[in-house]
Structures are given as C-alpha cells and as structure tokens.
Amino acid sequence: MKEERSDRELAKEIRSGSENAFETVFSRYWKPLYAFVFRLINDEDLTKDILQNTFLEIWKRKESLFATDSLMPLLVKIAKNEVITLFRRDKVRLAGDEILIRNLQQIASAEEHLIATELQGEIDRELTKMPLNMRQCFHLSKYENRSVKEIAAELMLSEQTVKNNISEALKRLKLALLVSNSGYLALVVPLVINLT
C-alpha cells in the first residue's frame, strides 16, 4: 500500500506545478474547510464560492507554497480573509458563529481546536495590556458571570466605573482583534465573551 504523502511533500510538488498534488490537497481538506466556513456564514452557495476562491489562491501562490506540517492553517487563514471581505461588504451575516462558539468546549476537530486556541490566546494577550482594574472588571463579568453590583462591591469601585471598565475593555479587544493577523476573530469575539 502506498504511503500517504505529507503536506510538506505535496506543497513541494505543487510548487513544481503538479496538478495531481493540488487535487490531493483539495480532496484532503475541502470537507473540514467547508464545515468551518459554513458554520460562520450559514450559506451553502457563498461557502462554495469561498472554498473555490481559497483553493484558487493556493494555486496562484504555488511558487511560494510551503508547509512545515499541515496546509490546513493556511487554508483556514485564506478562507477567513474571504469571509471578512464579504462581511465588510455586507454580503454575509455571520449567522452560524453562535454554533461555533457555543461548542468551543466540545470541539471535535483539530482544526477548530486550533482556531479556538488562537482566539483565546489573542484575548489573553490583549487583557494583559489593560490596566489592572479594567482587566479585573472584565474577567469577573465575562468569565465568572458576576453582576456589576457584585464587582463594584468586591473591587470597591462605583458601579458606573465597573460599567465603564467593562465597556472600554470590550472596545479595546474588538479593535485589537480587528487589526491583528487574526482579524476575523473580531467577528466572533463578542459571542465568546457573552456580548449581545
């Protein structure tokens, strides 16, 4: 039985123009990529368009295509950028993101786990940059589900100060995630931190 080629080998063959290697990558990843995109936008036709554009982009970049382990992170990144583009043009409403976020604790696939970990890492990094009171207010509110009144009593702050800190923390998070390399995360972060 022929051993399955690694993504590193496939990327090398694609760099040389191998359509067979490209088709192998397509066959290997279109299903998980389709599932990921569809959960974000909940539109079958647009999902297919995004996948087509994603794989087309891989072929366009074939001369510089490299993979140390898996090509999936690159495919996800390109697909995310396609979703962001459509979102910014008001072509899609992210209808499926609630499902993705609701299931963060029960993620089955390694790809989705990677995305969830990336998201939490981005949030954690941004929180460490915030002033202590702001970080504490945010943490108690969003991770411990404490009320504004309870937070104010615990931190000896006014309720308005607590509200202001939480609001400012959310603004900073959204802005930071929007301009980061993982800009798509700004689209789903409100759901992760229980915003309406």
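The values are calculated or read from the model by the stated rules, or taken from the named source; none is laboratory data. Because the structure is a prediction, the values reported are computed rather than measured. Neighbour counts run over all protein chains shown; Cβ positions are idealised from the backbone, glycine included.
Assorted remarks:
- Among residues of the stretch 146-167 that are buried (at least 17 other Cβ atoms within 10 Å of the Cβ), those with a Cβ under 8 angstrom from a residue that is assigned to a loop (DSSP other than H, G, I, E, B), sequence gap 6+ or separate chain, pair up as Ile151/Leu157; Ala152/Ser158; Asn165/Leu157.
- Scan of the stretch 47-66 for residues that are under 21 Å from Leu86 (Cβ atoms) and surrounded by 18 or more Cβ atoms within 10 Å (Cβ to Cβ), ordered by number: Thr47, Ile50, Leu51, Thr54, Phe55, Ile58
- Residue count, the stretch 29-76 (criterion: under 18 Å from Ala11 (Cα atoms), in contact (Cβ under 8 Å) with a residue 40 or more places away in the chain and among the charged types (D, E, K, R)): 3
- Among the candidates Ala116, Ala153, Ala108, residue that is modelled with pLDDT of 75 or more and of a type in the set (Gly, Ala, Ser): Ala153
- Among the candidates Arg28, Arg39, Arg5, residue that is among the basic types (Lys, Arg), farther than 23 Å from Asp69 by Cα and surrounded by 14 or more Cβ atoms within 10 Å (Cβ to Cβ): Arg39
- Of all residues in the stretch 176-192 being modelled with pLDDT under 55 and part of a helix (DSSP H, G or I), the one that is nearest to the chain's Cα centre (by Cα): Leu185
- Residue match in the stretch 159-175 (condition: at pLDDT below 90, within 15 Å of the chain's Cα centre (by Cα) and among the charged types (D, E, K, R)): yes
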